[in-house]
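The values are calculated or read from the model by the stated rules, or taken from the named source; none is laboratory data. Quantities reported herein were computed from a predicted structural model and do not represent experimental measurements. Ideal geometry is used to build each Cβ from the backbone, glycine not excepted, and the neighbour counts take in all protein chains shown. Calculation scope for accessible area: heavy atoms of the full protein, side chains included, ligands and nucleic acids excluded. Shrake-Rupley method; radii C 1.70, N 1.55, O 1.52, S 1.80 Å.
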Amino acid sequence: MNRFATLALCTLPVGLLASSAFAQGSAPAAAAPPAPAQDFSKVEIKPHQVAGNVYYLEGQGGNVGVLVGDDGVLMIDDQFAPLTDKIMAAVKKLSTKPVRLLVNTHVHGDHTGGNENVGKLGINILAHDNVRVRLAKGVNGGAPSPAVALPLMTFGDKVALHLDGEDIQLGKFPPAHTDGDIYIRFPKADVIHVGDVFRTVGYPGVDGGNGGTVKGTIAALTMIVDMAGPNTKIIPGHGVVVSKAEVAAFRDATVEAQKRVSALIKQGMTLEQVTAANPVADLVPKFVTTGPAPDAAVTQRFYAQFYGALKSEL
């Protein structure tokens, strides 16, 4: 599908799943990072204005995108279930209008953990086909998500939303961080929310168990660079707002990491040997531009994911 399908919120009947733009796909269930054990009562939700009427909320978990206006509120991701009340309270400080729709950027629990609570508030959820499939089957060996937590509306390629003066574009990335990654583009505000395909706080995250690939990650990062203009503001899944230059640098570092680790795999080196060699150590400043440097455990997890994905792609 080359053109954006159109979803008019003001006329959308409850339960609509259009046959083309909203056709449900299929994908195997797989692992996703579990919610960290912590005291969520200490988490503070901090709002940040990105441009115009587009904001994001910083808390614990993925950045929550928020579009406000006379038509109502659009939310992007919802972090963890214990934070729902705090997130909704933060949204109400930005707008007294009701939340019309929640969009999930991908399947991981730090972005979808509040789905059940949000669904019980009567808010419809929209995501890629594969997100619904994986949530319905159960993620990380867990129980299937209840029906109220599942996206009511899904799409396969692209879809458009018309809300608050924006002709919002949602599109599918190639299998990158997962196989259900999407971007949400606000052309008027010149803002793009890209989920965990790009982050400023860590290595490229390739969840092969959920359909992610290194090749797709590089292709998705290139898509972001190509979509963005010189003044476009890009909301990452985690971290701070950046321009296309930072995404391009992250993409280039990912390409270099792909080359280095692939070469070692072809030499017959095991995961343990590659991890010990740490061939991307000098690239860390390109990957982690905000927050603390990755510790040994984080680096080990990166190589486990990156090595495994690359080995299956060679």
Taking the DSSP beta bridges in the chain as the whole, what percent of them are antiparallel, to the nearest 5? 65 percent
Cα-based equivalent ellipsoid, the chain: semi-axes from gyration tensor eigenvalues, Å: 31, 20, 20
Under 20 Å Cα to Cα from LYS46, which lysines show up? Leave out anything in the same chain fewer than 8 places away. LYS86, LYS92, LYS93, LYS97, LYS233
Please work out the C-alpha center-to-center distance from the stretch 52-79 to the stretch 130-197 and express it in whole Å. 14 Å
Quick one: angle between helix 296-313 and the longest Cα principal axis of the chain, in degrees between 0 and 90, rounded to 10, please. 90 degrees
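Order the peptides 257-267, 149-159 from the highest to the lowest mean number of other Cβ atoms within 10 Å of their residues.
Per-residue Cβ counts within 10 Å, averaged per peptide and sorted highest first, yield 149-159, 257-267.
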If each K or R counts +1 and each D or E counts -1, the residues other than THR105 whose Cβ falls under 10 Å of its Cβ total -3
Roll a 1.4 Å probe over the protein chains and send me the accessible area per residue for the stretch 57-159 in Å². 33 Å²
Ignoring ligands, DNA and RNA, what percent of the accessible area of the stretch 107-259 is carbon or sulfur (1.4 Å)? 52 percent
Length-normalised contact order of the chain, Cα under 8 Å, at least 6 apart, in percent, tallies to 16 percent
Using +1 at the C-beta of Lys and Arg and -1 at the C-beta of Asp and Glu, which of THR84, HIS111, PRO144 has the Cα lying farthest in the positive direction of the dipole of the chain? PRO144
1.4 Å probe accessible area per residue over the stretch 260-314, in Å²: 56 Å²
How high is the relative contact order of the stretch 125-258? Use alpha-carbon pairs under 8 Å, at least six apart in sequence, and give a whole percent. 18 percent
